[in-house]
Amino acid sequence: MTKIVLVEKSGELVETNVKSFSFDDLYKKCKFRKADGFERRALWKNVKVKMTDGTSEKWTVVHYARDTGKAGGENKYDLPPPIDQTLFFGTMTLVALDEDDNSQVVDLSIDVWHKIYEKLFGGFFDLAATAEEDDEEEDELADLPAEMKTKHGYLKDEFVVDDMSSAEHSVAQSSAEEEEEVTDQEYESELDFEEYENMDSTEGEDEDEYTSEEEEGK
């Protein structure tokens, strides 16, 4: 018997044993009535993965599927490149081949396929391990003086406002702009007043001159 992996339309993986394996009969395992359109779509060759016992092995896997079907029958499983952008319908099949003789089929389990799948996608980040590394990292702001940090422990800069909400900051900015406008108005008023004083002073001087000329005429 040979173990293969079926990929259900929902994306669920199912292991199944085939008593008398034949590529020509794979469509039946996927519950298709006809073999029309059910073909090999991908071959992932010599994929080296680390096994549970710590050893490394190379695997070759072929993918069979149908690329035509009715709306709503699309397979929801995310496949690795180069068929990651191709739409398939119904159940799909994954079969492992012997490394030395690709005409021979070997057992493929879901666990092994997960390892191959991860390698084909370039590996995934271990979020738990990443979180532990983040916890072990030193705080770069720990040695900075308190006056250089906000009350929440962030570095003070032009993008961080301490003890002032965004609304308060907007009000303060508006007040500053109004004060600037008032200051400009006061400055303009002072200029007008000075010009007025100068005009009065000039008019007085002309009158004095005119009076003096009249007196000289007398």
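The values are calculated or read from the model by the stated rules, or taken from the named source; none is laboratory data. Please read all numbers here as calculations on a predicted model, not as lab measurements. Cβ coordinates were reconstructed from backbone atoms using ideal geometry, including for glycine residues, and neighbour counts include every protein chain displayed.
Assorted remarks:
- Only one of the numbered conditions (1) touching a residue at least 40 places away in the same chain (Cβ under 8 Å); (2) of a type outside the set (Ser, Thr, Tyr); (3) under 20 Å from Leu120 (Cα atoms) is violated by Cys30, and that is (3).
Rundown of residues vs (1) hydroxyl-bearing (Ser, Thr, Tyr); (2) surrounded by 12 or more Cβ atoms within 10 Å (Cβ to Cβ); (3) at pLDDT 75 or above, yes/no style:
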position: Asp67; (1), (2), (3): no, yes, yes
position: Phe89; (1), (2), (3): no, yes, yes
position: Thr93; (1), (2), (3): yes, yes, yes
position: Asp101; (1), (2), (3): no, no, yes
position: Phe124; (1), (2), (3): no, no, no
position: Ala131; (1), (2), (3): no, no, no
position: Glu140; (1), (2), (3): no, no, no
position: Asp143; (1), (2), (3): no, no, no
position: Lys149; (1), (2), (3): no, yes, no
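- Neighbours by Cβ (under 7 Å, 6+ apart or cross-chain): first from region 70-84, polar (S, T, N, Q); second assigned to a loop (DSSP other than H, G, I, E, B): Asn75/Lys9; Asn75/Phe88
- Residue within region 77-84 that is hydrophobic (A, V, I, L, M, F, W, C) and either surrounded by 15 or more Cβ atoms within 10 Å (Cβ to Cβ) or within 21 Å of Val14 (Cβ to Cβ) (or both) present: yes
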